[in-house]
1. Which residues, counting only those in the range 75-91, are under 14 Å from Y126 (Cβ atoms) and out of contact with any Lys or Arg (no Cβ under 8 Å at 6 or more places or on another chain)?
2. Name every residue in the range 122-174 that is within 18 Å of P213 (Cβ to Cβ) and of a type in the set (V, I, T), in order of residue number.
3. Return a yes/no flag: does the range 183-191 have any residue that is of a type in the set (G, A, S), touching a Leu at 6+ places or on another chain (Cβ under 7 Å) and farther than 26 Å from A93 by Cβ.
4. Would you kindly identify the strands (runs of 3 or more DSSP E) lying entirely within the range 128-226 that contain at least 1 residues that are open to solvent by less than 10 Å² (accessible area, probe 1.4 Å)?
5. Counting residues that are modelled with pLDDT under 85, which strands (runs of 3 or more DSSP E) fully inside the range 1-118 reach at least 3?
Amino acid sequence: MLKKRLIPIIFLLAAAAVLVVCQSEPASAPDTPETYLSPYFEGVSRSTVELKNEITLARVAVANGDIGEGREKYFEPEIKAVLLDIEEIITAAKGDVTDAPVIVYIDGIDEGKIQTFAECFPYNCYIFRDGTNYTPVYTKDVAAEIGRAWRAVRENNKTADTKKYFNKDIKAVLKSLTLIGHSANSFDFTATITVEMLDLTQEKIEIFKKYFPYDYYVFGEGSYAEF
């Protein structure tokens, strides 16, 4: 008689689906930074990758004091100060994609800095976040931490490092996981991580994201496998 079992956790690499067993120490995930949205700026539609490249070149120019032709506006006192305060710019967009989110981390963020930045680089899909204590986390490290937490709960291995995953809310979510998949390379911050779980709900998603902060999840309904 066929029996139902949960599909095991699988980490999908670029070339093939393989099981990842990570023995390294857990990466310390940062607290979810506060998100800011400017109430004044509506923005315009444009190529997301082109925009990120423009901002990156402006940051480099200001950091190096390279006032070349067409770069004068970046050295205006207000925008120069904001560019020097930017910690990270992240987008998962590729090619000619327009209107994809661009996440901008700015030290000591406030509405004034947001407005100055948005006026210099008009766009309609920014997400602004406080970069004061921002430390980027690689996609593979996020996925590996999820795998360690899932195995700890599955094997009832409660330690000083894993005890937070035995809190009632996240423990139930981890037990419902059926798939964790990604195709990130070693230095990727923006590859999607596919997360499937049984009885998927928005509440489960919010609990999961609270414990494993990351911006590029794709959530799906998990299923049983028959053998």
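1. Step one: list which residues in the range 75-91 are under 14 Å from Y126 (Cβ atoms), which gives 82, 86, 88-91.
Result: E88, I90.
2. Within the range 122-174, I127, T132, T135, V137, T139, V142, I146, T162, I170, V173 qualify.
3. No, there is no match, as no residue in the range 183-191 is of a type in the set (G, A, S), touching a Leu at 6+ places or on another chain (Cβ under 7 Å) and farther than 26 Å from A93 by Cβ.
4. Values: elements: 177-182, 193-197, 217-221, 224-226.
In the range 128-226, 177-182, 193-197 are the strands (runs of 3 or more DSSP E) which contain 1 or more residues that are open to solvent by less than 10 Å² (accessible area, probe 1.4 Å).
5. 4-6
The values are calculated or read from the model by the stated rules, or taken from the named source; none is laboratory data. What you see is a predicted model; the values in this text were computed from it and never measured. Methodologically, a virtual Cβ is constructed for each residue, glycine included, from the backbone with ideal geometry; neighbour enumeration extends over all protein chains shown. All accessible areas refer to the heavy atoms of the entire protein, side chains included, with ligands and DNA or RNA removed. Shrake-Rupley method; radii C 1.70, N 1.55, O 1.52, S 1.80 Å.
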